[in-house]
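Each remark here refers to the structure printed beneath this line.
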Amino acid sequence: AGFSSAAEASLVLKAASLGATGGFSDINTVANATTSVLNAYGLSADKAGALVDGFIQTQNDGKIVLDEYARNIGKLAPIAASLGIPLNEVNGAIAAITANGLPAEIAIRALRSGIDRLAAPTKEANEILSKYGVQIDANTVANEGLEGSLKKLAKVTDKADLQKLIGTEAGQALAPLLNDLPKLERLILN
């Protein structure tokens, strides 16, 4: 998966082995997630250990086990990385969303949908946002991250407008984040 030297493979497999032990998963699943995230973020194999530590922290902060995280993060990491959203923000968001009871697979899919909607707002979404004096698009997400974009989105106080902006699927993920931005900030700092 892009890490072909023995030294690189060894770093990834060591991190995956430790993660699998502490994360109720198997080495192949964790190694797959690790290489997917390393590749999405353009990171070298020597970052594998820190990456898996972040996976475990997400497990500890949320209601998710590493196996669930590992099986689903590949659906979210490429878009988050392409928009420059730091992985610690992604992990903090996943922890916060799952801690509120949303199952991991749905949480990650809904978070991806929410990021999509924030990065590429429709004409109607832009009209709603302008009503609140807010602009959110791919540049906003790239420059201010997920947390900064959500702080702007929190200015949309009418629930009907918010529903039109983010939709039902993304709403499952973003609503808990919008309801407790300080918690998200704490989780991101972990």
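The values are calculated or read from the model by the stated rules, or taken from the named source; none is laboratory data. Note that this is a predicted model, so its numbers are computed, not measured. Please note: Cβ atoms are built from the backbone with ideal geometry, for glycine as well, and neighbour counts cover all protein chains shown. To get the accessible areas, we keep the full protein, side chains included, count just its heavy atoms, and leave off ligands, DNA and RNA. Shrake-Rupley method; radii C 1.70, N 1.55, O 1.52, S 1.80 Å.
Observations on the structure shown:
- Among the numbered conditions (1) open to solvent by less than 60 Å² (accessible area, probe 1.4 Å); (2) assigned to a helix (DSSP H, G or I), the only one that Glu124 does not meet is (1).
- Long-range neighbours under 6 Å by Cβ, at least six apart or interchain, first residue touching a residue at least 40 places away in the same chain (Cβ under 8 Å) within the range 169-190, second polar (S, T, N, Q) and assigned to a helix (DSSP H, G or I): Glu169/Ser113; Ala170/Ser113; Ile188/Asn88; Asn190/Gln57
- Of the residues Ala120, Ala160, Ala125, Ala154, the single one that is touching a residue at least 40 places away in the same chain (Cβ under 8 Å) and of a type outside the set (Ser, Thr, Tyr) is Ala125.
- From the list Glu185, Glu169, the lone residue that is part of a helix (DSSP H, G or I), in contact with a helix residue (DSSP H, G or I) (Cβ under 6 Å, 6 or more places away or on another chain), open to solvent by 50 Å² or more (accessible area, probe 1.4 Å) and not β-branched (Val, Ile, Thr) is Glu169.
- Contact annotation: residue pairs with Cβ atoms under 9 Å, 6 or more positions apart or on different chains, pairing a residue in the range 10-28 that is within 16 Å of Leu38 (Cβ to Cβ) with a partner that is aromatic (Phe, Trp, Tyr) and at pLDDT below 95, are Leu11/Phe3; Val12/Phe3.
- Test: residue in the range 69-84 that is under 24 Å from Ala16 (Cβ atoms), β-branched (Val, Ile, Thr) and surrounded by fewer than 23 Cβ atoms within 10 Å (Cβ to Cβ): yes
- Residues satisfying the stated conditions in the range 1-43, i.e. of a type outside the set (Gly, Ala, Ser), in a helix (DSSP H, G or I) and open to solvent by 60 Å² or more (accessible area, probe 1.4 Å): Glu8, Leu11, Leu13, Lys14, Leu18, Thr21, Ile27, Asn28, Asn32, Asn39
- Residue that is farthest from the chain's Cα centre (by Cα) [pool: residues in the range 132-161 that are of a type in the set (A, V, I, L, M, F, W, C), crowded, with 19+ Cβ neighbours inside 10 Å and in a helix (DSSP H, G or I)]: Leu153
- Within the range 101-113, the presence of at least one residue that is open to solvent by 40 Å² or more (accessible area, probe 1.4 Å), closer than 30 Å to Leu165 by Cβ and in contact (Cβ under 8 Å) with a residue 40 or more places away in the chain is confirmed.
- Residue count for the range 44-68, restricted to those that are of a type in the set (Ser, Thr, Tyr) and surrounded by fewer than 16 Cβ atoms within 10 Å (Cβ to Cβ): 1
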